[in-house]
Every structure is written in structure tokens, then in C-alpha cells.
Amino acid sequence: MIMAILGYFLGALATVLNIVLTLYMWIIIARAVLSWVSPDPYNPIVRFIYSITEPVLSQIRRRLPVSFSGIDFSPIVVFLVIIFLQNFVVNYLAHLAQRLL
């Protein structure tokens, strides 16, 4: 009984984590598109996108030299990390949930 509950919990956790990571990937894409144009910095949507992505992107920029010739490659690094988390952590949680059911 406890193992089944734990299995359902891990399955739900894997699903929620996958959705959150996919949503964050789309927000990073929106940030990259915004960097190609000059958006209104006072627009609430632009401010939200910058506020939710800048902490992660600034950590990548600080730790890795990911800017070459004025091009910022930190969103690509974040994509790779998200893909790794989806393929390793989410899949592992889903597999573990299936084994517990």
C-alpha cells in the first residue's frame, strides 16, 4: 500500500517536473526572441520574463565563458541542462514510479 502511494507520488512528481522544465524552456526561448528586438522594458510581460530568467542566465554567464563575439550562448547551456534533467531525472523518477506500482 505504501509503495503504491510512493509510486503514484513519484509519477506525479515526474510529470510536474517535466511540465515545469518544458515551460521554463519556452520562457528562455521568449527571452532569446526578445533580445532580437527592442521591447518596452516597462511592459509587465517583458519584466516577468527577464526576472524569471536572469537569475539562471547570470549564474551561467558568471561561471562559464559563454559569450563569443557579442553573442550570448548561456540560453543554449540552460537548454542543455534542461534536456539533461528531462532525460535523466524525469525519466528516472517515472521509471522508479512504474517499478513501485
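The values are calculated or read from the model by the stated rules, or taken from the named source; none is laboratory data. Fair warning: this is a prediction, and the values are worked out from it, not measured in the lab. Note: ideal-geometry Cβ built from the backbone for every residue, glycine included; neighbour counts use all protein chains shown. These accessible areas exclude ligands, DNA and RNA; they are computed on the full protein's heavy atoms, side chains included. Shrake-Rupley method; radii C 1.70, N 1.55, O 1.52, S 1.80 Å.
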Keeping the other protein chains in place, figure out the carbon and sulfur percent of the accessible area of the chain, with a 1.4 Å probe.
74
If the only charges are +1 at each Lys and Arg Cβ and -1 at each Asp and Glu Cβ, what is the size of the charge dipole of the chain around the Cα centre, to the nearest 20 debye?
200
Return one whole number: the accessible area per residue of the chain in Å², for a 1.4 Å probe.
72
Under the span-like rule (Cα at least 24 Å along the axis, Kyte-Doolittle mean at least 0.5), DSSP H helices of the chain
2-36
With contacts defined as alpha carbon pairs under 8 Å and 6 or more residues apart, what's the relative contact order of the chain in percent?
54
Under the Debye formula (equal points on every Cα, no solvent term), log10 I(q)/I(0) of the chain at q = 0.10, 0.19, 0.22 Å⁻¹:
-0.39, -0.92, -1.09
